[in-house]
Amino acid sequence: MKIPKLQDLILFENDDVIVVNKPPFISSLDEREGGEINMLRLAKNYWDDAQICHRLDKETSGALIIAKTPEAYRYVSIQFEKRQVKKVYHAVIEGTHVFEDLQIDLPILNSGKGNVTISRQEGKRAETHFQSIKYFKHYTLVDCRPVTGRMHQIRIHLATQRASIAGDEMYKGKPVFLSEIKPGYRIGKDQEELPIMKRFALHAYEVSFKTNENTPITVHAPYPKDFETLLKLLDKFDS
């Protein structure tokens with residue numbers, strides 16, 4: 001994988017913050033000791049005092065806020081704590097689901113090592129709103145708006161609706177293969193077919209927040225190539 005330069009990912013920048021379009025397969029922060037590249041390191045190469053204001057899962061692409069000063073970091077962090085940051089994600093889910101402002105309010109328990117479960121007894125409150133945007137024969141493009149920011153929140157909330165994100169194998173989502181949607185598609189006998197997307201289909205599409213009292217900022221992150229390709233192929237062969 002080619003290591004991107006932060007300046008090539010910037011969607012918005014002012015004196016306080018940078019908003020980038022995070023590529024998939026790059027962690028937000030250091031996950032382990034070792035040489036693996038992550039968004040924090042890329043940001044610090046660009047701006048010494050850079051701090052990441054929130055996390056996206058490694059496979060998730062999209063809008064990520066980076067503070068340039070300790071003051072900006074505190075200001076944005078407080079908005080996250082008070083749930084004043086508006087986040088919009090787009091996901092491709094399995095099945096045709098008509099979600100019309102569906103609200104899921106199911107508590108999530110983080111049991112460590114990247115495992116989360118729904119637990120009404122021990123979980124922390126988690127709320128997400130879902131709205132279907134576009135229907136295909138076997139999939140749906142959905143707008144997801146988390147109110148809280150629990151780990152894997154959108155992924156597990158969708159899984160509770162039997163609407164796992166395509167490719168999200170941790171939550172029973174299966175990858176999308178062209179042979180499943182394109183009539184008459186044949187693969188060579190010695191070839192192994194790869195999924196259209198090599199990750200789960202979740203993208204942080206938009207983020208709205210403030211860097212001071214007066215100036216709301218809304219940044220929209222275009223789909224990365226793999227997400228766009230999946231939607232184009234679904235449009236062509238599964239609509």
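The values are calculated or read from the model by the stated rules, or taken from the named source; none is laboratory data. These numbers come from a predicted model, not from an experiment. Positions of Cβ are generated from backbone atoms using ideal geometry, with glycine treated the same way; all protein chains shown enter the neighbour counts.
Miscellaneous remarks
- Among the residues of region 200-231, those that are within 15 Å of VAL176 (Cα to Cα) and either within 11 Å of the chain's Cα centre (by Cα) or among the aromatic types (Phe, Trp, Tyr) (or both) comprise PHE200, ALA201, LEU202, PHE227.
- Filtered by the rule that a residue be within 23 Å of ARG199 (Cβ to Cβ) and touching an Asp or Glu at 6+ places or on another chain (Cβ under 8 Å), region 88-116 gives VAL88, TYR89, HIS90, ILE104.
- LYS113 being out of contact with any helix residue (DSSP H, G or I) (no Cβ under 6 Å at 6 or more places or on another chain) and at pLDDT 95 or above: no
- Verdict on VAL176 being among the β-branched types (Val, Ile, Thr), in a loop (DSSP other than H, G, I, E, B), modelled with pLDDT of 95 or more and touching a helix residue (DSSP H, G or I) at 6+ places or on another chain (Cβ under 9 Å): yes
- Checking region 75-93 against the condition returns a match, with at least one residue being crowded, with 17+ Cβ neighbours inside 10 Å, within 27 Å of ASP16 (Cα to Cα) and over 20 Å from the mean Cα position of the chain (by Cα).
- Qualifying positions in region 98-131 - in a loop (DSSP other than H, G, I, E, B), exposed (fewer than 14 other Cβ atoms within 10 Å of the Cβ) and in contact with a Leu (Cβ under 7 Å, 6 or more places away or on another chain): GLU122
- Where a residue in region 113-132 is at negative phi and its partner, wherever it lies, is surrounded by fewer than 11 Cβ atoms within 10 Å (Cβ to Cβ) and modelled with pLDDT of 95 or more, with Cβ under 7 Å and at least six apart: HIS129/ASP101; GLN131/GLU100; GLN131/ASP101; SER132/VAL98
- Region 187-239: number of residues that are out of contact with any strand residue (DSSP E or B) (no Cβ under 9 Å at 6 or more places or on another chain), touching a residue at least 40 places away in the same chain (Cβ under 8 Å) and either among the aromatic types (Phe, Trp, Tyr) or part of a loop (DSSP other than H, G, I, E, B) (or both): 2
- Taken together, the criteria exclude ALA72 from residues that are within 20 Å of the chain's Cα centre (by Cα) and of a type in the set (A, V, I, L, M).
- Test: residue in region 221-239 that is in contact with a Phe, Trp or Tyr (Cβ under 7 Å, 6 or more places away or on another chain), among the polar types (S, T, N, Q) and under 25 Å from ALA163 (Cβ atoms): yes
- Evaluating LEU141 against the criteria (1) more than 22 Å from LEU233 (Cβ to Cβ); (2) surrounded by 15 or more Cβ atoms within 10 Å (Cβ to Cβ); (3) in contact (Cβ under 8 Å) with a residue 40 or more places away in the chain; (4) out of contact with any Gly (no Cβ under 7 Å at 6 or more places or on another chain) leaves one unmet condition, (1).
- Test result for ARG162, closer than 18 Å to HIS90 by Cα, among the basic types (Lys, Arg) and surrounded by 14 or more Cβ atoms within 10 Å (Cβ to Cβ): no
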